[in-house]
Amino acid sequence: QAGVGPGDLVVEIGAGTGVLTEALARRAGRVVAVEYDPRLAERARARVAGFGNVRVLTADARTLVPPRRPFRVVANLPFGSTAAILRRLLGDPRTRLERADLVVQEQAARRYTARRPSTPETIGWGVWYDLATGRRLGPSSFRPPPRVGAAVLVARRRHPPLVRPGGHRRFTALARQAFRHPRLPLRRTLVPPLTRGQLRRLAADLGFAPDAGPADLDAAQWAGLFAFLDHGDLGRRPESP
């Protein structure tokens, strides 16, 4: 379902004993599998020893340097490290990640794909990636079975992005500043501040209420707000995610 093909470089995070690694090796052009536990990494290496297109690394994915060429990620993430790994994968739009298909806790998948992001981080991810919830996986799909259900979180790079990668630091700073007081309306939290007239015009153009708070805007509305504050460009609203 991830659509992996012979032209793809795929990074797998949390390879374990290599069950998914072997399946990827049969489809992808090249696979880099990452496993933190040395004992599990050795078992994965033994499992894929007959494939010439796989490299198994014993490393922490949270500090791994991403490939310099376009790549994909297909992984069954450790549930306890999901947020940290997502920050590594999606937090910097300058990386060459094109798509990620990630097995995560079902509740987490739904939270990350909510139409209105609830944190500055998820707003940034939604600006550069289209996030969607894919197939649900019940506990019986795993050994040992977890106590909670899982689902596939799919992140596809936007072409073009809602905010250009060169503006990602300024955009992130804007969102973080606004979310310092998430219960206050935007007119009281934005830096630089907007006049009431400017805010009314923006609200009408981008489709949010004049008294909206930071969590009331979706990724496209945040991108439009940033465009005005960064360039004075009210322009047309970016395409909704």
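Numbers for the structure displayed
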| quantity | calculated |
| --- | --- |
| Matching residues, the stretch 29-42, being open to solvent by less than 10 Å² (accessible area, probe 1.4 Å) and within 24 Å of the chain's Cα centre (by Cα) | Val31, Ala33, Val34 |
| Of the criteria (1) without any contact (Cβ under 8 Å) to a residue 40 or more places away in the chain; (2) crowded, with 18+ Cβ neighbours inside 10 Å; (3) within 11 Å of the chain's Cα centre (by Cα), which one Gly91 fails | (2) |
| Condition met for Arg111 (of a type in the set (Lys, Arg), part of a helix (DSSP H, G or I) and surrounded by 13 or more Cβ atoms within 10 Å (Cβ to Cβ)) | yes |
| Per-region count, the stretch 41-82, residues in contact (Cβ under 8 Å) with a residue 12 or more places away in the chain, aliphatic (A, V, I, L, M) and within 30 Å of Arg170 (Cβ to Cβ) | 4 |
| Pick from the stretch 150-189, criterion more than 13 Å from Ile123 (Cα to Cα), aliphatic (A, V, I, L, M) and buried (at least 17 other Cβ atoms within 10 Å of the Cβ), ranking: modelled with the lowest pLDDT | Leu186 |
| Count of residues meeting criterion [among the charged types (D, E, K, R) and over 30 Å from His181 (Cα atoms)] in the stretch 94-145 | 7 |
| Per-region count, the stretch 87-105, residues in contact with a helix residue (DSSP H, G or I) (Cβ under 7 Å, 6 or more places away or on another chain), outside any loop (DSSP other than H, G, I, E, B) and not small (Gly, Ala, Ser) | 6 |
| Breaking point among (1) part of a strand (DSSP E or B); (2) over 18 Å from the mean Cα position of the chain (by Cα), for Leu24 | (1) |
| Asp205 modelled with pLDDT of 90 or more, open to solvent by 50 Å² or more (accessible area, probe 1.4 Å) and closer than 17 Å to Leu174 by Cβ | no |
| Residue count, the stretch 208-225 (criterion: touching a Lys or Arg at 6+ places or on another chain (Cβ under 6 Å) and either among the basic types (Lys, Arg) or under 20 Å from His159 (Cβ atoms) (or both)) | 2 |
| Neighbours by Cβ (under 8 Å, 6+ apart or cross-chain): first from the stretch 106-122, touching a residue at least 40 places away in the same chain (Cβ under 8 Å) and closer than 20 Å to Phe142 by Cβ; second part of a helix (DSSP H, G or I) and open to solvent by 40 Å² or more (accessible area, probe 1.4 Å) | Ala108/Phe79 |
| Hits in the stretch 121-149 (condition: closer than 22 Å to Val4 by Cβ, exposed (fewer than 14 other Cβ atoms within 10 Å of the Cβ) and out of contact with any Asp or Glu (no Cβ under 7 Å at 6 or more places or on another chain)) | Arg135, Phe142 |
| Candidate set: the stretch 208-239, residues that are at pLDDT below 90 and under 22 Å from the mean Cα position of the chain (by Cα); chosen: the one most open to solvent (accessible area, probe 1.4 Å) | Glu239 |
| Test result for Ala83, over 16 Å from the mean Cα position of the chain (by Cα), small (Gly, Ala, Ser) and not in a loop (DSSP other than H, G, I, E, B) | no |
| Test for Arg47: is it loosely packed, with under 15 Cβ neighbours inside 10 Å and either among the charged types (D, E, K, R) or closer than 11 Å to Ile13 by Cα (or both) | no |
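The values are calculated or read from the model by the stated rules, or taken from the named source; none is laboratory data. Please read all numbers here as calculations on a predicted model, not as lab measurements. Cβ: placed from backbone, ideal geometry, glycine included. Neighbour counts: every protein chain shown. Side chains are part of the model used for accessible areas, which takes the heavy atoms of the whole protein and leaves out ligands, DNA and RNA. Shrake-Rupley method; radii C 1.70, N 1.55, O 1.52, S 1.80 Å.
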